[in-house]
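Engineer: Sharing a structure below in structure tokens format, with a few things to ask.
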Amino acid sequence: MKVLKYNNPRDAEIIEVPAPVPGADQILSKSLYCNISAGTEMGFYRGTAPQLNYKPDGHGNFHESPDCIKYPMQANAPGVWWMGYANVSRVVEVGTAIRNIHKGDVIFSQKGHCEYQLLKEHEVLKLPGNINHEHAALLALVEIAFNGILDAELKLLSNVVVFGLGTIGQLLVQMLKKSGVNVIGVDCLAKRIETARKNGADTVVNFQEQDVLRTVYEKTGDKGADLVFEATGNIRALSEAIRVCAYNGQVIAISFYNSASDSLWLGREFHHKRVKLVSSQTCGINPCLSNIWDMPRRRQAALSLLNVLDIGSLISHRVSFLDLPDTLKIIDENPSACNAVIIKYEV
């Protein structure tokens, strides 16, 4: 079968390896679609992911450990989770111990860029028949955006700013509008601005042409934003997100930041405006909601949102699996030209 391999940073290729054979407790499926992660996945492609040189200690702290993850690496290797993790596939064979998944089922799994997937039953989500299979490749991103909503102290008629109108930002705009709030989107790309406007944003600010701080205060009765989502992936935007926040407001950092910053000022607005800054990392759920929300419920909510949100408007590229190495290069060199990028295994 064909799998993606990174020989070195920014050096990807498709290679051939033996096709897997499922055991009694395993499922074999053939990939249909996969989404490319613009955060973590591209960090490993570029060689900037912190996990390459810093090892987590089990408490959430990272310690320096040079080359603890090394190149080459390939998507089907044991323990490799970062080379694509939003896969939609069709089951072609099941082991004798599998009970609830059957040949022909279409499933979602957080597995990498491989022609075939070898899975355990607990790793898969069977997709209902009414779900668009291509759109289901964005399920992980919908879940990330929805987790940000769960982390927010969202109130009806709040003034909310979304920094960054890439795929996550666009999903947030749509979810926020369905939550009954006033949404201000911030970006500089005309296509993203137009998409956000079509999907309900009340105001969209082009930060290259307008003063974001002044515009936000004008649109919020000179109070600032009650809530700000930072979804650019550029840590320099976090300072501006804090600046537009109202006194006692909240900033949700939903981005994955691949680099450090020399411009994040915590002694100014963050301190004096008593801003609450929340890291909305997808592996955890707001503890204040732990009695009613858990991972299975969050996933089912994200699944239902696939039929509520305009997912199709967020897909900027559809490419074949064989073109994946060239596509990664395009995303690396011109990320602003891409929103959701879907890999098609069957052309």
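What follows is calculated from the coordinates using simple rules that are stated; it is not laboratory data. Here the structure is a predicted model, which means the values were calculated and not measured. FYI the Cβ positions are ideal-geometry reconstructions off the backbone, even for glycines, and counts take in every protein chain you see.
Engineer: Please go through the stretch 198-259 and write out the GluC sites (Glu not before Pro) that DSSP classes as loop and that have at most 12 other C-beta atoms within 10 Å.
Structural biologist: Answer by residue number: GLU209.
Engineer: Let me ask something additional. Report, to one decimal in Å, the Kirkwood hydrodynamic radius for the stretch 146-289 based on all distinct Cα pairs.
Structural biologist: 14.9 Å
Engineer: Still on this structure: For the chain, what is the relative contact order in percent, using Cα pairs closer than 8 Å and at least 6 residues apart in sequence?
Structural biologist: RCO, the chain: 17 percent.
Engineer: For every other residue with a beta carbon closer than 12 angstrom to the beta carbon of LYS329, add +1 if it is Lys or Arg and -1 if Asp or Glu, then tell me the sum.
Structural biologist: My count for the surroundings of LYS329 gives -4.
Engineer: In which sequence would HIS59, HIS271, HIS133 go, from the one with the fewest C-beta neighbours within 10 Å to the one with the most?
Structural biologist: Ordered from fewest to most neighbouring Cβ atoms within 10 Å, HIS59, HIS271, HIS133 come out as HIS59, HIS271, HIS133.
Engineer: Which order results if MET83, MET295, MET175 are arranged by neighbouring Cβ count within 10 Å, fewest first?
Structural biologist: By the 10 Å Cβ count, ascending: MET295, MET175, MET83.
Engineer: Where the centre of each part is set by its Cα atoms, how far does the stretch 276-310 sit from the stretch 190-221, in angstrom?
Structural biologist: What the calculation gives is 26 Å, centre to centre.
Engineer: Just ILE168, ILE311, ILE131 to compare: in a GNM of the chain, with alpha carbon springs under 10 Å, which one fluctuates most?
Structural biologist: In this elastic network of the chain, the residue with the biggest mean-square fluctuation among ILE168, ILE311, ILE131 is ILE131.
Engineer: Binned at 20 Å from 0, what are the whole-percent values of the Cα-Cα distance distribution for the chain, short to long?
Structural biologist: The percentages, shortest bin first, are 29, 58, 13, 0.
Engineer: For every helix of n ≥ 4 consecutive DSSP H residues, a contribution of -39,500 (n - 2.57) applies; sum these over the chain, divide by its total residues, and give [θ] at 222 nm rounded to the nearest 500 deg cm²/dmol. Walk me through the numbers on the way to the answer.
Structural biologist: Working: 10 runs with 87 residues, N = 347.
The per-residue figure over the chain is -7000 deg cm²/dmol.
Engineer: Of LYS103/LYS126; LYS155/LYS178; LYS177/LYS223; LYS155/LYS191, which pairs sit farther than 18 Å apart, going by alpha carbon to alpha carbon?
Structural biologist: On the way: LYS103/LYS126 11 Å; LYS155/LYS178 12 Å; LYS177/LYS223 20 Å; LYS155/LYS191 29 Å.
LYS177/LYS223; LYS155/LYS191, as the Cα separations exceed 18 Å there.
Engineer: What is the Cα radius of gyration of the stretch 292-347 over 2.2 N^0.38 Å, N being its residue count? List each step's numbers first, then the result.
Structural biologist: Working: Rg = 15.0 Å, N = 56, 2.2 N^0.38 = 10.2 Å.
Its radius of gyration relative to the 2.2 N^0.38 Å reference: 1.47.
Engineer: Any chance you could give the angle, 0 to 90 degrees and rounded to 10, that helix 139-151 forms with the longest Cα principal axis of the chain?
Structural biologist: Relative to the chain, helix 139-151 is tipped by roughly 40 degrees.
Engineer: Near ALA246, within a Cβ-to-Cβ distance under 9 Å, what is the net charge of the other residues, with Lys and Arg +1 and Asp and Glu -1? If you can, show how the numbers build up before the last one.
Structural biologist: On the way: positive: LYS223, LYS273; negative: ASP226.
Result for the neighbourhood of ALA246: +1.
Engineer: Where in the chain is the longest stretch that carries no trypsin sites (Lys or Arg not before Pro) classed as loop by DSSP and with at most 10 other Cβ atoms within 10 Å?
Structural biologist: Answer - 100-347.
Engineer: How do TYR85, TYR116 line up, fewest other C-beta atoms within 10 Å first?
Structural biologist: Fewest-to-most ranking of TYR85, TYR116: TYR85, TYR116.
Engineer: Separation of the stretch 232-255 and the stretch 49-73 by C-alpha centroid, Å?
Structural biologist: Using only Cα atoms to place each centre, the spacing works out to 27 Å.
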